1. What's the extension gain from Arg28 to Phe108 if we count 0.36 nm per residue and subtract their Cα-Cα distance?
2. In debye to the nearest 20, how big a dipole does the chain give about its Cα centre with +1 on each Lys and Arg Cβ and -1 on each Asp and Glu Cβ?
3. If you average the alpha carbon positions of the range 85-101 and of the range 27-51, how far apart do those two centres end up, in angstrom?
4. Multiply the residue separation of Leu39 and Glu53 by 0.36 nm, subtract the distance between their alpha-carbon atoms, and state the gained length in nm to one decimal.
5. If we sort 102-111, 121-130 on the protection proxy, mean other Cβ atoms within 10 Å, highest first, what's the order?
6. Want the number for Gln72 to Trp125: 0.36 nm per residue separation, take away the alpha-carbon distance, what's left?
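Only the coordinates and a few stated rules stand behind these numbers; no lab work does. Owing to the predicted nature of the structure, the values given are computational and were not obtained by experimental measurement. Quick reminder, even Gly has a Cβ in these numbers, built from the backbone with ideal geometry, and neighbours come from all protein chains shown.
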Amino acid sequence: MPGEPTIRVQAEDFDQQAEIAALTRGRRDIGAVVSFTGLCRDEDGALAALELEHYPGMAEAEMRRIADEACQRWPLDGITVIHRFGKIAPGENIVLVVAASQHRQAAFDGAAFLMDFMKSKAPFWKREIRKDGSEGAWVDARDTDQDALERWR
């Protein structure tokens, strides 16, 4: 894969189109770009925000390990993974995964793999902040998240 994957953990929002443009600028070998943007939901109007925490250093290292594994599995020509932390309101971006390749199937598979592993293995924790002012529970991984990992084994 030409260049290192772009891996960032940040409080600031990101611009999906700008990130894709940066990944593909000047590249004539890329024929497919697949992206996924995860947004904060309002949980039927009950949620004021999500508070996302991470383990600095470890989060980036695990994200890079996942990106490296994706590059070993598919002929990817570029990867960008951005995960936000802090208080995120409904409708705001949480995570961006972009995979680029010469062909679409590698880009689709690479992006799905990256997101499935990010959701389950990257050290991030989410706590709900309810509109009524109460703090909700820390959000546990769902069984469906673990099931998604099984398809890659």
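1. Roughly 26.9 nm would be gained on extension.
2. 460 debye
3. What the calculation gives is 5 Å, centre to centre.
4. 3.5 nm
5. 102-111, 121-130
6. Stretched fully, the Gln72-Trp125 segment lengthens by 16.3 nm.
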